[in-house]
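Notes to accompany the following structure.
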Amino acid sequence: SSVVYRSDYKAPDYRIESVNLVFDLDPQTSTVFNTMKVSPLGAQPIELVLDADGLELVSIYENGVQLPQKRYSLTDKSLTVHGIDKPVTLTIVNKFHPLANTLLSGIYISNGNFMSQCESQGFRRITYFPDHPDILTHFHVEIRADKEKYPVLLSNGNLVRRDELENGRHLAVWDDPSLKPCYLFALVAGNFVKREEKIKLANGKDCLLQVWVEPQNKDRTAHTLESIKKAIRWDEQRWGLEYDLERFMLVATDDFNFGAMENKGLNIFNTRYVLASPQIATDLDYFNIESVVGHEYFHNWTGDRVTLRDWFQLTLKEGLTVFRDQEFSRDMLGKAAAIKRIMDVRFLRSRQFPEDAGPMAHPVRPESYREINNFYTTTVYEKGAEIYRMLQTLLGREKFKEGLRLYLERNDGRAATCEDFINAMAQASERDLGQFFRWYGQAGTPRVTVKSFWDPEAHTYTLVASQSTPETPGQTDKKPFLIPLAVGLLDPSGKDIPLQLEDETEPAGTTRVLELRDAENEWTFVNIDAKPIPSLLRDFSAPVILNYPYCRSELAFLARHDSDPFNRWDAMNRLMLEALNDMVDAIETGARPSVDQDLLAAFEQMLTDERLAPAFRAISLTLPDEQLIGERRTLIDPEAIRSAREELRSVIGRRYSSVLLKIAENYQTPGEYSPDAESAGKRALKNLAFSYLLAGGNPKALLALRSQFEQANNLTDQLSALTSIVNSASPAKLDMLVDAARKWNGVPVLINKWLTVQASAIAQPGEVPVLSRVRELMASGAFNIANPNSVYALILAFCNNAPEFHRPDGSGYRFWLEMIQKLCKVNAFIAARIARVMDNWRRYTPERARQMHDALKLADSLPNLPTGVREVLDKALG
Ligand code: DPP
Ligand code: ZN
């Protein structure tokens, strides 16, 4: 199958002035009457290529007259109308099949309701249309359906009319006054109830907010509505951006490929990012819902009003909107703001860095793809977000805001490119951003190595930073990036030193953003009376791997004193990583692992520092995940990594049992449940203490957690108790799992958590392999292979349970192959996602790598592989 290149882009030679869609909905076979006004832009007659996927053409008319056969050609993938030489009205009638649509792209059925998903290329599964983001038009939509089964009929824009029809059917007409590409089209028809509120926007206009869910979920929508209001206010206050339609609607569905979708005025959400109540959502769920609601709402400007010229520009909306939602969540956290940056960087390092170092490595703006759905990646999203953050750091908040406003103003109602964005930023800041633009085009994580020199006689301190970026597929010769390197210097008492560079007349602040532009640059600070300890890359000012030869006592010093909370966390994290790395070394050579004393001292210090916010202590005292530990290894042995990590957890649990028990007691959150940041922080610290105690085999903690599981008034505490006990040696786990299944039955978001706890379990010596349990669960009513959340909750969670997935007997790899085979028949997008778990097979111990390679080969030889799956496998095999 063919490769699409960014360089192949051609501007359209026609306009679609408007499209009028009439839907006659039926789950088996629905009919669309699609009327488009088409105007050629030049003097030459045009060939109008309309995309199609799985459609049945019924008839086609031009200006009301049936189009003769010779005027069009039809293939599986397109309908081409020849020789249009003046403005015409085309009417196309076609059919499609919602019930048979298990790809969940186009219009499909979820729990008996009609639902749509068009990004990236789903609209062509609904009707014949130029399915490209640069074709913007006015949509007018009429939906007809059975009134009893589908009382609610929604589409984008404003509701124009509702009416009754014969045979128990009814209709609704929606008109979207904005210009949009078809990937932002949405249609929903079904049995839903709403929570709504009318608010006033900053410009004084009224706006109706609605959250639509299936009837059983009505009481789980208050947090969603609050989140929408917060997002609207924040966008008004922080960026001066207002909403433009009379209503903003959000609909929830259980069956959804993405987390959510920003369709104009009618966002569609996966239920996991909508539904919240103390019984069905954890603190983290509440937090994530607010963030995803924000993300999709913020797309209204960065994505919808200003959309994309082509799919290669995806980061122009996704990276930018992730940056905006990260800033939103940080602002909403108040005093606990620091943990948002830490969470984001932790995710970037354990998910995006490996992608950037593996066979799927691609620039934030890719040059080619076979299946665009494979490029909704952590690189495009999260590394993309870092690009916008770096710009804000380099230009300052004011100039960045000016640049963003200029970009939006200039491109409103247009399909833009990354160049359009950078040009607006360059103009607003009067800076040349040519070198900075390389961040969009060069893949791979840059290494920044810093050396320092203190001159006691001259009282100067010099930092020398160099950069290099490893090769990635198709890119061997990397040019230097412009890297903002935020630094501070700590004096021997741990205080920030006012920073003055040698060519300056006075100090300016205690954090300076140095600009690393060349292969190597240096900076000299003056008036440095004692040897400082550098705090480098503060707030993680660039997505790079920083090398500086810190000794462990310096890391412990930074963990204790750094005024930059991110670096304080990072110092602790590095200490943990180094200690764990030593332990893995020992285990791999058959020696007894010993625990680093500097680490334990720093750990205890932070554990008992009551001045620190509980949320910050909890995140700082959590050990790095197995993935991150593996990243540092030459070859990955998942068993050794888990043993080391569990050994450290158990040592901590035993050594600090009395402090941990005290914390577990002092940080209870009695009274009514509230997901606010402070209470959530307390719960996080308490539950972390419990998990260490349990790892250390503490019997008191076990009893306390059992009663917490039974009596807690919130899911955070219940789930945390269950997870800790399932991962312990306690035989109580079996009863508790049965109990949980009984309590959580019938609520998909809860059943999925129940599946994940088991798929991610840490198997104890003598227990059956986790895979046996996963297979049982797959055969049970709790699992549904057609539902993406279910697949992620059970199958993906198991594949990420590294020591179990990578068991030396190869059982995990055989399971993976079976799943690929099954999923290819149901949902090729989800199959491609599962395929990616084998990406980094070369990084594993030789026997594992060989078996992974064999499994990849077998998968690659399967007949009728979907393009997206083939793309992933071919790249992995290289
Ligand atoms: N729904 C996905 C997102 O918002 C794709 N646009 O990121
Ligand atoms: Zn998005």
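The values are calculated or read from the model by the stated rules, or taken from the named source; none is laboratory data. Keep in mind it's a predicted model, so treat the numbers as computed, not measured. Cβ coordinates were reconstructed from backbone atoms using ideal geometry, including for glycine residues, and neighbour counts include every protein chain displayed.
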*Could you check how many residues of segment 26-66 are more than 23 Å from Thr137 (Cα to Cα) and either not assigned by TED's automatic domain parsing to the domain that holds Tyr183 or not in a strand (DSSP E or B) (or both)?*
5
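Going through Ala172, Ala145 one at a time, which residue ends up being in contact with a Lys or Arg (Cβ under 6 Å, 6 or more places away or on another chain) and either in contact (Cβ under 8 Å) with a residue 40 or more places away in the chain or under 24 Å from Glu119 (Cβ atoms) (or both)? Full working, then the answer.
Values: Ala145 fails: in contact with a Lys or Arg (Cβ under 6 Å, 6 or more places away or on another chain).
Criteria check complete, one pass: Ala172.
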*Could you figure out which of (1) under 12 Å from the mean Cα position of the chain (by Cα); (2) within 11 Å of ligand 1 (Cβ to nearest atom); (3) not hydroxyl-bearing (Ser, Thr, Tyr) isn't true of Lys317?*
(1)
*Would you say Thr253 is away from ligand 1 (no atom under 15 Å from the Cβ) and crowded, with 21+ Cβ neighbours inside 10 Å?*
no
*Could you give every pair whose Cβ atoms fall below 9 Å, whose first residue belongs to segment 411-423 and is closer than 18 Å to Gly384 by Cβ, and whose second residue is of a type in the set (Gly, Ala, Ser) and not in a helix (DSSP H, G or I), counting only separations of at least 6 or pairs across chains?*
Ile422/Gly434
_So Phe312 passes all but one of these: (1) hydrophobic (A, V, I, L, M, F, W, C); (2) more than 14 Å from ligand 1 (Cβ to nearest atom); (3) outside the structural domain of Leu391 (by TED's automatic domain parsing). Which condition number does it fail?_
(3)
*Here are some residues: Ser674, Ser658, Ser679, Ser643. Which one is among the polar types (S, T, N, Q) and under 20 Å from Gln605 (Cβ atoms)?*
Ser658
*asked:* Condition first: within 22 Å of Ser861 (Cα to Cα), in a helix (DSSP H, G or I) and touching a Lys or Arg at 6+ places or on another chain (Cβ under 9 Å). Now tell me which residues in segment 803-819 satisfy that.
replied: Tyr813, Phe815
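Matching residues to (1) on the phi > 0 side of the Ramachandran plot; (2) assigned to a loop (DSSP other than H, G, I, E, B); (3) under 38 Å from the mean Cα position of the chain (by Cα):
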{"residue": "Thr505", "(1), (2), (3)": "no, yes, no"}
{"residue": "Ala508", "(1), (2), (3)": "no, yes, yes"}
{"residue": "Leu514", "(1), (2), (3)": "no, no, yes"}
{"residue": "Asn521", "(1), (2), (3)": "no, no, yes"}
{"residue": "Thr524", "(1), (2), (3)": "no, no, no"}
{"residue": "Asp529", "(1), (2), (3)": "no, yes, no"}
{"residue": "Pro534", "(1), (2), (3)": "no, no, yes"}
{"residue": "Asp539", "(1), (2), (3)": "yes, yes, yes"}
{"residue": "Ala542", "(1), (2), (3)": "no, yes, yes"}
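Yes or no: Glu604 more than 27 Å from Arg220 (Cβ to Cβ), in contact with a Pro (Cβ under 7 Å, 6 or more places away or on another chain) and either crowded, with 18+ Cβ neighbours inside 10 Å or in contact (Cβ under 8 Å) with a residue 40 or more places away in the chain (or both)? Quick ask: steps written out before the conclusion?
Numbers: more than 27 Å from Arg220 (Cβ to Cβ): yes; in contact with a Pro (Cβ under 7 Å, 6 or more places away or on another chain): no; either crowded, with 18+ Cβ neighbours inside 10 Å or in contact (Cβ under 8 Å) with a residue 40 or more places away in the chain (or both): yes.
Spelling it out, it is not the case that Glu604 is more than 27 Å from Arg220 (Cβ to Cβ), in contact with a Pro (Cβ under 7 Å, 6 or more places away or on another chain) and either crowded, with 18+ Cβ neighbours inside 10 Å or in contact (Cβ under 8 Å) with a residue 40 or more places away in the chain (or both).
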*For segment 320-349, name all the residues that are within 12 Å of ligand 1 (Cβ to nearest atom) and of a type outside the set (Val, Ile, Thr).*
Leu320, Arg324, Asp325
_Looking at segment 371-387 only, could you name the residues that are within 13 Å of ligand 2 (Cβ to nearest atom) and either assigned by TED's automatic domain parsing to the domain that holds Ser120 or farther than 21 Å from Pro354 by Cβ (or both)?_
none
*Lone unmet requirement of (1) buried (at least 23 other Cβ atoms within 10 Å of the Cβ); (2) touching a helix residue (DSSP H, G or I) at 6+ places or on another chain (Cβ under 6 Å); (3) of a type outside the set (A, V, I, L, M) for Glu386*: (2)
*Working only within segment 629-645, note down all residues that are touching a Phe, Trp or Tyr at 6+ places or on another chain (Cβ under 9 Å), part of a helix (DSSP H, G or I) and surrounded by fewer than 21 Cβ atoms within 10 Å (Cβ to Cβ).*
Glu631
*Based on what the data block shows, is Lys399 within 15 Å of ligand 1 (Cβ to nearest atom) and in contact (Cβ under 8 Å) with a residue 24 or more places away in the chain?*
no
*Find the residue count for segment 545-565, including only residues that are surrounded by 16 or more Cβ atoms within 10 Å (Cβ to Cβ), of a type in the set (Gly, Ala, Ser) and touching an Asp or Glu at 6+ places or on another chain (Cβ under 6 Å).*
1
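Touching a strand residue (DSSP E or B) at 6+ places or on another chain (Cβ under 9 Å), at positive phi and either modelled with pLDDT of 95 or more or in a loop (DSSP other than H, G, I, E, B) (or both): is that true of Gly444 in this structure?
yes
Across segment 269-297, which residue is surrounded by the most Cβ atoms within 10 Å (Cβ to Cβ) among those that are within 22 Å of Ile751 (Cβ to Cβ) and within 16 Å of ligand 2 (Cβ to nearest atom)?
Here the answer is Val274.
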_Pairs, first on the phi > 0 side of the Ramachandran plot in segment 63-75, second assigned to a strand (DSSP E or B), C-beta under 7 Å, six or more apart_ = Asn63/Val88; Asn63/Thr89
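Here are Gly303, Gly358, Gly265: which of them is within 12 Å of ligand 1 (Cβ to nearest atom) and small (Gly, Ala, Ser)?
Criteria check complete, one pass: Gly303.
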